[in-house]
Amino acid sequence: MLMTRLPGHVHLSPADPRSWMTRIAEIAALLHSLDLPAKMFRPWTDSWIAPLDGLQVPVDAQKPAVWKAAFGVMAAPPPKDTAVFLHCDLLPVNMLWSRGRITGLTDWNSVHRGARAIDVGHCRRYLAALYSPEWSEQLRSLYESIAGVSLDPWWDLYALLHYDDSGSKWIRGQVAGRRPVDVAGMTSRVEVAVETALRRLG
């Protein structure tokens, strides 16, 4: 219903990827600047990710050790970070576009307050899965430049790990034929993003 009243359409094949990602980074930074009430986000509770003890290496992982190392990092208590207003499902398929600009966001049923890396990391995971880990890293860099803050690497990794063996099915369904989906390479692309995030944690 909301999408029928807002101008714009889901735009997944940008001719100018950097400009497209800049608009995404800008809307994320704007969203996080809003002082709106919402309950605090709790990892392993307020998300569809598996419980910590239920995380599993994807069956088509090329580097299982990378995933296991990331799961090990998640065993540590989450660090405290500045809590901002979060959409918590900030994915390209939930953004409406018109004339090169984002005109609206849909799917607001998961709003919370928490680390800004949760929102950006979810979008980064999607970009890695659908496009490339390079696009995912570019979004992080653009967001940090626009917002003037660094994303917490623990929370970034937490969001990236919202990927499992059902990920390709869900993403293909959400894309709904709007662009080609390379299902076979999806896990390996997300794996590169996870490995890169691990390196930032040291």
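Heavy-atom accessible area, probed at 1.4 angstrom with all protein chains present, ranks D46, D107 as D107, D46, highest first. In straight-distance terms, cross-link reach from K68 covers every one of the lysines whose alpha-carbon lies under 28 Å from its own, apart from those fewer than eight places away in the same chain; here that gives K80, K169.
The helix-only estimate of mean residue ellipticity at 222 nm for the chain, built from DSSP H runs of length n ≥ 4 each weighted as -39500 (n - 2.57), is -14500 deg cm²/dmol after division by the residue total.
Loop exposure criterion: trypsin sites (Lys or Arg not before Pro), DSSP state outside H, G, I, E and B, at most 14 other Cβ atoms within 10 Å. Applied to the chain, the longest stretch between such sites is 100-177. Take every Cα pair under 8 Å whose residues are at least 6 apart in sequence, average their separation, divide by the length of the chain, and the relative contact order is 28 percent. Computed over protein heavy atoms with a 1.4 Å probe, the accessible surface of the chain works out to 48 Å² per residue.
Percent of accessible area on region 1-119 owned by carbon and sulfur, 1.4 Å probe? Roughly 56 percent of what the probe reaches on region 1-119 is carbon or sulfur. Remark: accessible surface ordering of T106, T45 (largest first) is T45, T106, probe radius 1.4 Å.
Were the residues from W44 through V59 laid out at 0.36 nm apart, the gain over their Cα-Cα distance would be 3.2 nm.
Modelled spin labels at D182 and R101, positioned 7 Å past Cα toward Cβ, are 3.3 nm from each other. Taking each residue as 0.36 nm, the span from A15 to V149 lengthens on full extension beyond its C-alpha to C-alpha distance by 45.4 nm.
The values are calculated or read from the model by the stated rules, or taken from the named source; none is laboratory data. Small disclaimer: the values here were computed from a predicted structure and weren't measured. Cβ: placed from backbone, ideal geometry, glycine included. Neighbour counts: every protein chain shown. To get the accessible areas, we keep the full protein, side chains included, count just its heavy atoms, and leave off ligands, DNA and RNA. Shrake-Rupley method; radii C 1.70, N 1.55, O 1.52, S 1.80 Å.
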